[in-house]
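Have a look at the structure below, then the notes.
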């Protein structure tokens, strides 16, 4: 078995397991509710049938995943720390207005055995039904931001957390020339999940301006060899490239730039006035 593939398949599960050592794990044991947030990293398959509408949630506090599907007899909890699979009393699971799930840690649980790993899949069984949690296929090629937001709920949550600099956006709207910003990203990349939503917020604030945004998804394996990435020398994501109206590169958004991408755009597009004298 390819050990790299095994690590990719269980990356989210194993990272979550480490959180059991945090104070969040203590909270989960105290009798208070545990929140599960939607995650877009996995797709569920039951009895050989892929179920794109299955709901998959992750809780950092409980270090567990919760799966809800009409094809399963009850919500299913996967616990990475022990690799156990349990069904959860439906009466202890409640969907909130923000899309999250709350579940009491003293919920009635029924053991369904343990899960295993095979190549890129997490395998388990529920009431005799063979289940498979697969890494979601990467979002590849050229897309508008709307496609990314629909693909992964984490993008929307992180966009909501970001506060743009209103004055900078107003300056860009008033003074920036016509440019195209192409953002190379990986839908599988945690740094992209964290920081690309910042530029979603910038894009929304620049509606009606001369600045146009587009997003180009790259594969996990062989990213730098993908033709478009290779052509412009992109070997890390996220990377934003700013082009003028003639297609000439003006500069890039990389590294720490992603914490305040509007500042980087302003620096590239509106040069600071030269000091007098």
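This table checks each residue for (1) over 21 Å from residue 39 (Cα atoms); (2) free of Cβ contacts under 8 Å to residues at least 12 places away in the same chain; (3) more than 18 Å from the chain's Cα centre (by Cα).
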{"residue": "100", "(1), (2), (3)": "no, no, no"}
{"residue": "107", "(1), (2), (3)": "yes, no, yes"}
{"residue": "117", "(1), (2), (3)": "no, no, yes"}
{"residue": "122", "(1), (2), (3)": "no, no, yes"}
{"residue": "145", "(1), (2), (3)": "no, no, no"}
{"residue": "167", "(1), (2), (3)": "yes, yes, yes"}
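Condition check ((1) surrounded by fewer than 18 Cβ atoms within 10 Å (Cβ to Cβ); (2) in the same structural domain as residue 167 (by TED's automatic domain parsing); (3) under 22 Å from residue 163 (Cα atoms)) across all residues:
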{"site": "208", "(1), (2), (3)": "yes, yes, yes"}
{"site": "220", "(1), (2), (3)": "yes, yes, no"}
{"site": "233", "(1), (2), (3)": "yes, yes, no"}
{"site": "238", "(1), (2), (3)": "no, yes, yes"}
{"site": "246", "(1), (2), (3)": "yes, yes, no"}
{"site": "255", "(1), (2), (3)": "yes, yes, yes"}
{"site": "264", "(1), (2), (3)": "no, yes, yes"}
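Highlighted here are the strands (runs of 3 or more DSSP E) found entirely within region 34-152 that include at least 2 residues which are surrounded by 15 or more Cβ atoms within 10 Å (Cβ to Cβ), modelled with pLDDT under 90 and touching a strand residue (DSSP E or B) at 6+ places or on another chain (Cβ under 7 Å): 34-38, 101-103.
Take the conditions part of a loop (DSSP other than H, G, I, E, B) and either modelled with pLDDT of 95 or more or more than 26 Å from residue 83 (Cα to Cα) (or both) and apply them to residue 169. Does it pass?
Details: part of a loop (DSSP other than H, G, I, E, B): no; either modelled with pLDDT of 95 or more or more than 26 Å from residue 83 (Cα to Cα) (or both): yes.
No; evaluated as a whole, the condition is false for this residue.
Of all the listed residues (179, 202), the sole one being touching a residue at least 12 places away in the same chain (Cβ under 8 Å), closer than 11 Å to residue 265 by Cβ and crowded, with 22+ Cβ neighbours inside 10 Å is 202.
The values are calculated or read from the model by the stated rules, or taken from the named source; none is laboratory data. Please read all numbers here as calculations on a predicted model, not as lab measurements. Note that each Cβ is placed from the backbone with ideal geometry, even for glycine, and that neighbours are counted across all protein chains shown.
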